[in-house]
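The values are calculated or read from the model by the stated rules, or taken from the named source; none is laboratory data. On a predicted model such as this, the values are computed, not experimentally measured, just so you know. Because the Cβ atoms are built from the backbone with ideal geometry, glycine has one as well, and the counts that use them run over all protein chains shown.
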Amino acid sequence: MSLDRPKKIEEYILKHLQNGPVLMLDLVEKLKIDRPNTTKQAVYAALRGLKQSEQIITYKGVASINLTWLNSMVNYFNLTKHNYIKGLVSDGDFVNLEDKDKIKYYFQSPIKADIFWTHALYLLTEKIEKNEPVYLYNPHEWFLLARKENELELFNTISKKGHRLLLTAGNDSFLDRYVKKYFDNSYSQYHVKEKPLFSENNYYLNIIGDFLIEVWMDKNITDKIDKFYQDTNVWDEGVYERLKSIIDVESKMKIVISRNHKKAEKIKSSLRRYFVLK
């Protein structure tokens, strides 16, 4: 599907949604400008088709790109690119880093950072041995609360590739314990620490073989997430909306991908004791 020169109604809709969620009534007006004689019924029929194919989601009259579908497409195109240029180093090709090399990336929103972050995890799990576990450390595993479908898709993909996913949360509150139900205690395991492993509450870490993905979120946001976790003892739709309002804002994020065998092994040894590995 080409979004540069759209022809079908569906392509126009996806092009408009590239910049963020849009009221469906506004989409109708935009499509009338893009494609004169396009009817309201035709736009809503196209929206229903895109929703049925899980390319978009709609809520309270607003349409937006389904990030689960978007992540799968990002993964598909980048894996394809990687397979076609295998053995060659291209600009920003972090899978070919040498030991002790690193690349830094900067993002202006958590959503954009999360898409790239997920894509990096997909690519790096392709590179490591089949039985090598993937270690994740999050101060809070809020991704399973705010973006459950995307996070579970990531977990399932990693497990299907033969890797155990071992996630450590750095805090022990009600919501930290609540997400434990999403792990099968075999190929996906979860451990809650009473005290954080690292002093920075905005620092997230993934270890995939010798590769490290280090993420620094906006400190203002992570301070709000901390307070949200401290003040919350129930999970419902209202609590979900409160969490979404905290994270769905423009904010700076930094992701550093490095390859460092010594550092990776040291951190893995400190996390490994919390899990059952056969």
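A compact table of results
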item	result
Sole residue being closer than 26 Å to residue 66 by Cα and hydroxyl-bearing (Ser, Thr, Tyr), chosen from 135, 182	182
Sole exception among (1) closer than 24 Å to residue 252 by Cβ; (2) touching a helix residue (DSSP H, G or I) at 6+ places or on another chain (Cβ under 6 Å); (3) acidic (Asp, Glu) for residue 210, by number	(1)
Residue check for residue 194: modelled with pLDDT of 95 or more, assigned to a loop (DSSP other than H, G, I, E, B) and assigned by TED's automatic domain parsing to the domain that holds residue 124	no
Flag for residue 208 being more than 28 Å from residue 21 (Cα to Cα) and either over 22 Å from the mean Cα position of the chain (by Cα) or in the same structural domain as residue 122 (by TED's automatic domain parsing) (or both)	yes
Among residues of region 156-200, those that are surrounded by fewer than 21 Cβ atoms within 10 Å (Cβ to Cβ) and hydrophobic (A, V, I, L, M, F, W, C), counted	5
Elements of type helices (runs of 4 or more DSSP H) in region 22-125, at least 2 residues being of a type in the set (Phe, Trp, Tyr), modelled with pLDDT under 85 and over 19 Å from residue 152 (Cβ atoms)	67-84
Residue within region 168-183 that is more than 20 Å from residue 261 (Cα to Cα), aromatic (Phe, Trp, Tyr), out of contact with any Ser or Thr (no Cβ under 8 Å at 6 or more places or on another chain) and modelled with pLDDT of 90 or more present	yes
Selection count where residues are among the aliphatic types (A, V, I, L, M), over 16 Å from the mean Cα position of the chain (by Cα) and buried (at least 16 other Cβ atoms within 10 Å of the Cβ), scope region 213-238	2
Count of region 123-133 residues which are over 16 Å from residue 94 (Cβ atoms) and either touching a residue at least 40 places away in the same chain (Cβ under 8 Å) or hydrophobic (A, V, I, L, M, F, W, C) (or both)	3
Listing of helices (runs of 4 or more DSSP H) fully contained in region 136-190 that carry 2 or more residues being without any contact (Cβ under 8 Å) to a residue 24 or more places away in the chain and among the polar types (S, T, N, Q)	none
